[in-house]
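Have a look at the structure below, then the notes.
The values are calculated or read from the model by the stated rules, or taken from the named source; none is laboratory data. No experiment lies behind these values; they were computed from the predicted model shown. Backbone-built Cβ (ideal geometry, glycine too); neighbour counts: all protein chains shown.
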Amino acid sequence: MRLFSRIRPGTSLIELMIVTFISVSLMGVLVTLVSRVIRTNGTFSEHLEDATSLGELSEQFRRDVHGAAKVSLEDNKIASQRLSIQMADGSKIDYEPAEGGLTRTAIAADEQKRSESFSLHGMKVLGWKQSSSNAREVSMLIDRLDSSRAISRGQPIEITAATVRDRRVTGAPQ
């Protein structure tokens with residue numbers, strides 16, 4: 001004869017509620033961590049993009065100035081300051097600050113125009129200056145902005161390039 005006992009196989013409602021509570025708590029922690037990782041990754045990607053763009057700009061700027069036949073600083077009262085580079089082959093390259101970065105315009109000797117934009121998020125091109133100690137050097141000044149992108153964060157970044165030995169930079173030194 002079988003005896004019926006009060007112990008039945010299975011789980012009680014309380015046990016299921018405890019397991020559900022623990023699972024939901026772990027999922028909440030996991031979602032929070034994943035969102036922080038995604039946010040950090042986005043910030044890192046933006047900084048990496050800025051550093052890459054700044055590196056490409058500085059390399060191009062140095063190549064242009066080094067190969068220049070004549071470099072002149074132009075200060076236009078209506079727009080921002082411009083740097084004009086006359087190359088030995090008769091082509092001309094202009095650097096001008098633009099919204100959110102800098103524009104490099106190359107005009108070949110045959111008047112074919114090619115523009116290139118360098119995006120500098122969180123930075124502002126202040127302009128150019130001629131070295132007071134060396135008439136062959138010209139520097140590009142770039143300032144970092146705070147998170148509101150309105151206020152300077154201090155010492156600007158200075159990218160300096162020199163023309164070849166017998167060439168000079170013309171224009172008013174800054």
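Structure notes:
- Selection within region 161-174: residues that are buried (at least 16 other Cβ atoms within 10 Å of the Cβ) and part of a strand (DSSP E or B). The member of this set that is modelled with the highest pLDDT is Ala161.
- Contact map, region 28-45: residues that are closer than 22 Å to Gly122 by Cβ paired with residues that are part of a helix (DSSP H, G or I), Cβ distance under 8 Å, separation 6+ or inter-chain. No pairs are found.
- Residue in region 110-118 that is under 15 Å from Ser58 (Cα atoms) and surrounded by fewer than 19 Cβ atoms within 10 Å (Cβ to Cβ) present: yes
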